[in-house]
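Presented below is the structure to which this report refers.
Any read-out appearing in this document is the output of simple, stated calculations on the displayed coordinates, not a laboratory observation. The model shown is predicted, which means the values in this text are computed figures rather than measured ones. Note that we place each Cβ from the backbone using ideal geometry, even for glycine, and neighbour counts take in every protein chain shown.
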Amino acid sequence: MNLTQKILSDHLLSGELTPGTEISIRIDQTLTQDSTGTMAYLQFEAMGIDRVRTKKSVAYIDHNTLQTGFENADDHQFIQSVAKKHGIYCSKPGNGICHQVHLERFGVPGMTLLGSDSHTPTCGGLGMLAIGAGGLDVAVAMGGGAYYLSCPKVVGVELTGRLPYGVAAKDVILEVLRRLTVKGGMGKVMEYIGEGVKTLSVPERATIANMGAELGATTSIFPADEITRDFLRAQQRERDFTPLCADADAVYDEVIHIDLSALVPLVARPHMPDEVVTVEECGPIKVDQVFIGSCTNSSYTDMMRVARILKGKTVHPDVSLVIGPGSKQVLTMLARNGALADMLGAGARILESACGPCIGMGQSPKSGAVSVRTNNRNFYGRSGTRSAGIYLVSCETAAITALTGVLTDPRSLNIDLDIPQPETFEINDNLVIPPVAAGQENTVDVVRGPNIKPFPMGRTLPDDVSGQVLLKMEDNITTDHIAPSDAKLLPFRSNVPYLADFCLTPVDATFPARAKAAGGGILVAGANYGQGSSREHAALVPLYLGVRAVVAKSFARIHQANLINNGILPLTFADEADYDRIAPGDELILPALRPLVECGSEAFILRNLTRQEDYTVLMPLTDRQRGCILCGGLLNYTREGL
Ligand code: MIC
Ligand code: SF4
């Protein structure tokens, strides 16, 4: 067996490990972050369970830390109190980015982790099977419920050789994205194997696993070996180590080879993470802003390399350099060993350990800017400045670029970039608040500020579903298009009615008003609809606006699950050519849909009343998903079941 199959079979609750069929697995750990967490905890509360039934559940506060009004702080208080009551550890603002902290302090090789954030696979760097999901799926897992997923194919990514000077783990994953594209990992787990794995530290593996999310992969995983043991020992948790790897004769559905020695520094150009070219090909474009940080690249070793490059130098006069170390642990260590002073000395602007600019929470670049960043997504508008272009690179490329003012290949540096892992990391978990003991739940009152509004619930499926095509979209529409998030909108993640007025506005500014005027309708989209974030808001907000169905060429995994969980129909074209036959404004109907879904049909007639045409659309559903669709969502379905 390969490693993925081993962990899946250890946790299998139903189904068989046949790719493409539904399986369900037991979840050992969960994580939430604040921008998806408020909704997840409201849903958890709605399930009426006193205490989480996982081995460990952690609620992080790391996204909404700008606090430009009362909203974020209210949400923090809600999360901290609800966590304390229900058996969940709460990582307070300032403790760091969920994935970085989880890797340092909580991840355990061989366990399963479900997180309400699409970059949860970061802990795959430790040999965990770590999967991103919508908040409702995480709420169910916290309650001890199974997590259902389509059994993935397993791709063996065989690494050989060793990274040359100036080439980083980030360049490995950018190379995978260059080859496979943002759709290339759909339905697959990327399992890293081969001799080259041994040359990569745990934080480097985590960078690669993290950005596997941009491939659309279910997750990415590395073996747990002596390097993993050393990392856990340095985190004073060697007891959590178990050696894990694939069997020598393990079989993979596909294998791809990467010779680490042959890689060069790469860059993903605006506005997609797979728009990858070499730094050399991209050329010395003039740069206005550099951001170093995010869950992809903010480990201690990343930051130390940056400090070394900056030491004794000055940031280019036309560049604003912003650095956000990934965790309190990292920032404290930089402060103690003087690296922070080197960064400050060079003119870097230091941010608290949080997501920050990665999700547009501050530091939006100027109009038309070129912003070079170490994070994982460069989707249109995500920085908060729609006219800016975001270029994704390694820490080394970002740091030297900040000095030269133009995109620069770090192989031109001539300083030692070899940073060994420290013998021991600085351990201080005083910003992690433990829950009350079992049985004490009633001693905690959950605090709800005025920003917390009830979430919309789906309605039972009517016999016919009909509506106007409100919008026709191209391929690769992201959740940042559907439910945009920046410093102005993130504070309203617990306020769906407010967010609804921004739904799909990066595609068409008139969409929310038109959807409201039409009383809802149907969306038409190309391939990989809903890629990116796990935010359930990309389903809740259209639900609030009355969207009943999305007809697409294909869907991204987490978004498709979020649609079903909220009772919105995810339909695909049987013949993709039919996509071209539908126009915005067309009136569509799915006649007798409910009885057909009830009797298990998977193919349906979609009638275009405007053009007098019929198309075949598909919606293969498992029994559980059928229940969700018929009842108008997972919560209704679970309640009916109870
Ligand atoms: C992101 O990177 O897009 C986010 C913000 O972390 C999201 C979660 C969210 O939208 O709240 C994610 O990756 O799932
Ligand atoms: Fe935070 Fe950015 Fe990572 Fe999302 S991708 S968890 S916003 S740092």
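Taking 0.36 nm per residue of separation and subtracting the Cα-Cα distance, full extension of the segment from E426 to A248 would add 60.4 nm. The 3J(HN,Hα) values that the Karplus relation (6.51, -1.76, 1.60; θ = phi - 60°) gives for region 415-428 are, in residue order, 10, 6, 10, 7, 10, x, 5, x, 4, 9, 7, 6, 9, 7 Hz. Gly and Pro appear as x.
Dipole of the chain computed with +1 at Lys/Arg Cβ and -1 at Asp/Glu Cβ about the Cα centre; of A348, T479, N210, farthest Cα towards the positive end is A348. The value of relative contact order for region 475-569, using C-alpha pairs under 8 Å at least six residues apart, is 32 percent. Reported to the nearest whole Å, the Cα centre-to-centre distance from region 289-361 to region 119-168 is 26. Annotation for region 236-262 versus region 485-543: alpha-carbon center distance of 39 Å. The Kirkwood hydrodynamic radius of region 367-430, based on inverse pair distances between different Cα atoms, is 14.2 Å. Straight-line cross-link reach from K553 at under 13 Å between alpha-carbon atoms covers these aspartates and glutamates, not counting any fewer than eight positions away in the same chain: E474, D475, D575, E576, D578, D580.
Above 19 Å, the calculated P(r) of region 286-435 contains 50 percent of its Cα-Cα pairs. Of all DSSP bridge pairs formed entirely within the chain, close to 35 percent run antiparallel.
What's the local net charge at D225, with K and R +1, D and E -1, over the other residues with C-beta under 15 Å away? Write down the numbers at each step before the final one.
Values: positive: K6, K198, R205, R229, R233; negative: E191, E195, E204, E226, D230, E238, D240, D247.
My count for the surroundings of D225 gives -3.
Under 5 Å between amide hydrogens, built in the peptide plane, is the criterion, and for S320 it picks out Q289, V290 among residues at least 5 positions away or on other chains. Listed from fewest to most Cβ neighbours within 10 Å, the set E602, E191 follows the order E602, E191. Given in Å, the Rg to one decimal and the Dmax to the nearest whole number for the Cα atoms of region 111-255 are 15.0, 47. Charge tally for M186 (other residues, Cβ to Cβ under 11 Å; Lys, Arg +1; Asp, Glu -1): +4. Candidate cross-link partners of K198 among the lysines, defined by an alpha-carbon separation under 25 Å and a same-chain spacing of 8 or more, comprise K6, K153, K170, K188. Electrostatic tally near Y544: other residues with Cβ closer than 13 Å to its Cβ, Lys and Arg +1, Asp and Glu -1, net +2. For the pair L609 and T68, a Förster radius of 51 Å applied to the C-beta separation gives a FRET efficiency near 0.65, rounded to the nearest 0.05. Taken along its principal axes, the alpha carbon cloud of region 494-579 reaches lengths of 36, 25, 22 Å, longest axis first.
Under a model in which nothing but the beta-carbon of Lys, Arg (+1) and Asp, Glu (-1) is charged, region 202-338 shows a dipole of about 1100 debye around its Cα centre. Between region 379-458 and region 71-99, the alpha-carbon centres lie 16 Å apart. Amide H contacts of S118: S534, each under 5 Å away and 5 or more positions distant or on a separate chain (H built 1.01 Å from N in the peptide plane; Pro and chain starts excluded).
Diffusion coefficient (Stokes-Einstein, Kirkwood radius over C-alpha pairs, 37 °C, 0.692 mPa s) for the chain: 133 µm²/s, rounded to a whole number.
A simple spin-label model places the labels of R349 and A577 5.4 nm from each other, with each point 7 Å out along Cα-to-Cβ. When only Cα pairs below 8 angstrom with a gap of at least 6 residues are kept, the chain shows a relative contact order of 14 percent.
Taking the fewest neighbouring Cβ atoms within 10 Å as the starting point, the ordered list for E104, E16 is E16, E104.
If I take every Cα pair under 8 Å that is 6 or more residues apart in region 454-522, average their sequence separation and divide by the length, what percent do I get for the relative contact order? About 42 percent, as a whole number. Comparing region 558-642 with the 2.2 N^0.38 Å rule of thumb, its C-alpha radius of gyration ratio is 1.17 (two decimals). By other beta-carbon atoms within 10 Å, ranking S466, S298 with the fewest at the front produces S466, S298.
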